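The values are calculated or read from the model by the stated rules, or taken from the named source; none is laboratory data. Not measured: the values here are computed from a predicted model. Cβ placement follows ideal geometry from the backbone for every residue including glycine, while neighbour counts extend to all protein chains displayed. With ligands, DNA and RNA removed, areas are computed over all heavy atoms of the protein, side chains included. Shrake-Rupley method; radii C 1.70, N 1.55, O 1.52, S 1.80 Å.
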Amino acid sequence: MLTFGGRTTASVKELKNNEQRSSSMLKNISKEARNEGKKRKKGVWKNCDHQGAFCTSTADQGARRKGHSTTTTSISIYHHPHHLPQPSSPFCCIPCSTRKRIASLGAMVRKETSTSMRLPPQHQGLEVKIPSFFRCPISLDVMRSPVSLCTGVTYDRASIQRWLDSGHTTCPATMLPLPSTDLVPNLTLRSLIAHWSASAASCSPAAAGSVAFFAAGPSPAGLVRQVASSLGGGADPSPALCELAAYLSDDDVDEFEKNALVGAGRAAETVASVLRRKGDQIVSVEGAEAAVSVLAAIVALDGIEDANKRRVATGLAVDAAASAASLARVLRGGSGLEARIDAARLAGFLLDNADADAKAAVAESSQLVAELIRLIGPVDEKGSLDKKAMGTGLSCLATISGLRRAARAEMVRLGAVSAAVRALHATAEPGASAKALRILESAVGCAEGRAELCKDAEETVPAVLDKMMKSGRDGAEAAVAVLWAVCHKYKDRRAADAAAASEGGLTRLLLLLQSGCSPPARQMAVELLKIYKVNAKSCLAGYDSKTTHIMPF
């Protein structure tokens, strides 16, 4: 059903009822014609003016051309009102009275159909004729993202994807089995649809609102230009950025077009410049959040090429300090947890892909580090932690902690040690545990970090030992490095006593020696074994390792 200006031109139900009614009437007339044909004798052609009827078989047509008479026992009649026989038809085998009834029926159906399809005079300018090949065979709507199957039939991406996701393995139009379910974008048809929608809007200004469904709002390239113009004019880029983020997040939009927008359209560089604004030109938190949503969508999309994704890091690295400050503002005042996570992901992407100077500038941003630490903490009044937020924050902090030694003391002062220990207690994922242990490994490299760790040694040291064999090889070696630094190298008595009293600590160290760890980690594990008491008979005294077949020496 097509709706323009709030009115309906003709419903599908009405058209079907008209067609069924005309079909039934034509069948009755056909039956009467067959009965009359059976009663006729030879010479039927002499008594008929031979206009406007059907000849049903090749034999009948041949007999007519030769002037022979024939008895017609069956006729063929089209059941669609627009396919009624014309008066100039050269073939005839139906009586004149029957033909008149058919002609009157056709006129009636045509009049009824045209009346139901005609718009009121005040809405005549809103009528839009849609080419049939612009419609999806499944939804019958104009295709937004036409794609072709291996059978050669083109569908709208959303419709055919739902068909395939529901378990079908055939082409909906041909019902042929599909050896491949790959969807190939039909760029030619898409450009034709875009050209048609633009032409329909320009040729009929009154119908511009009606074709807005097909050509709604400015194009994505136009949105990028709006963002660029707002930078010089002082306008708010938030509306254009929100529409751009919705466009990039729309699954119905072809990934080829998203790639073209990021690459040739320079969307990444333009949006990144929004986050680099500072001073009087700084954007609001809402504008910065919208820019983060666009850039995070570009980074997260699998269909975007890696070269185009690196454009995001390149654009932010032009002024890494200003970009880090904008990301910190979004982390602090974002509208929701998802916006904060997007900002943290963007910071991590910048740290992974920028040059050394830009990485150092990000690592030195105390505001950003403080907000990343807060992201690891509780997200509600109940004190619960969000796994996604915690994993993203730990990833960024682990990268920052390994960049500059000077940043370690500042991270400890901001609470990185307590946040990492809290994450060790809360998570069971090996990846998150390994990142938390890497943060602690960096923290014990300074006196402030060791003091913070050993302040609550009864809680922190058992947590490190517990995750030693549950965090992969990198996590295990980081845990050994933490314990070796506080227990052996700097000989903190509180940490050594907590390690010796931990249940299963000795067993984990022995298992680590057998796990094929790196030589430095093996050496540190051997030195840590000395904190456990061993008597002259090489029997473990005081601590039950529950491992009788493994001896340390």
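Considering every Cα-Cα pair within the stretch 409-543, what fraction, in whole percent, is farther apart than 18 Å?
Tail of P(r) above 18 Å: 50 percent of Cα pairs.
Rounded if a/c is under 1.5, else prolate if a/b is larger than b/c, else oblate: which is the stretch 478-530, with a ≥ b ≥ c the root eigenvalues of its Cα gyration tensor?
Note, shape of the stretch 478-530 comes out oblate.
Taking the solvent-accessible surface of protein heavy atoms with a 1.4 Å probe, what is the per residue accessible area of the stretch 312-424 in Å²?
39
Quick one: length gained pulling Ala406 to Glu458 fully straight, 0.36 nm per residue minus the C-alpha distance?
My answer for the length gained is 15.9 nm.
Return the long-range amide H neighbours of Lys278 (sequence gap of 5 or more, or a different chain), with a cut-off of under 5 Å between placed amide H atoms.
none
I'd like the FRET efficiency for Ser518 and Glu429, computed as 1/(1 + (r/R0)^6) with the beta carbon distance as r and R0 of 30 Å, rounded to 0.05.
0.85
At a 1.4 Å probe, what is the % contribution of carbon and sulfur to the accessible area of the stretch 332-415?
Of the solvent-accessible surface of the stretch 332-415, carbon and sulfur hold 45 percent.
Which whole-Hz ³J(HN,Hα) couplings does the stretch 455-467 yield from phi under the Karplus relation 6.51 cos²θ - 1.76 cosθ + 1.60, θ = phi - 60°, glycine and proline marked x?
Coupling constants for the stretch 455-467: 4, 10, 4, 4, 9, 6, 5, x, 5, 5, 5, 5, 8 Hz.
Using a 1.4 Å probe on the protein chains only, how many percent of the accessible area of the stretch 473-521 belongs to carbon and sulfur?
With neighbouring chains kept in place, the figure for the stretch 473-521 is 53 percent.
Which FRET efficiency value, to the nearest 0.05, is calculated for Leu231 and Ser139 with the Förster distance at 35 angstrom and r the Cβ-Cβ distance?
Once the sixth-power term is evaluated, E becomes 0.30.
Among 160-171, 289-300, how do they line up by average Cβ neighbours within 10 Å per residue, starting with the highest?
289-300, 160-171
For the stretch 278-381, list log₁₀ I(q)/I(0) at each q in 0.13, 0.15, 0.23, 0.25 Å⁻¹, using the Debye formula over Cα point scatterers of equal strength and ignoring solvent, two decimals each.
Debye intensities relative to I(0), on a log10 scale: -0.43, -0.58, -1.30, -1.47.
Reachable aspartates and glutamates from Lys489, Cα under 14 Å, same-chain residues fewer than 8 places away excluded?
Glu441, Glu527
Taking a virtual spin label 7 Å from the Cα of Ser166 along the C-beta vector, which residues in the stretch 241-259 bring their backbone nitrogen under 19 Å of it?
Label zone hits: 252.
If you build the Cα gyration tensor of the stretch 386-467 and take the root of 5 times each eigenvalue, what three semi-axes come out, in whole angstrom, biggest first?
Value: 18, 16, 9 Å, ordered largest first.
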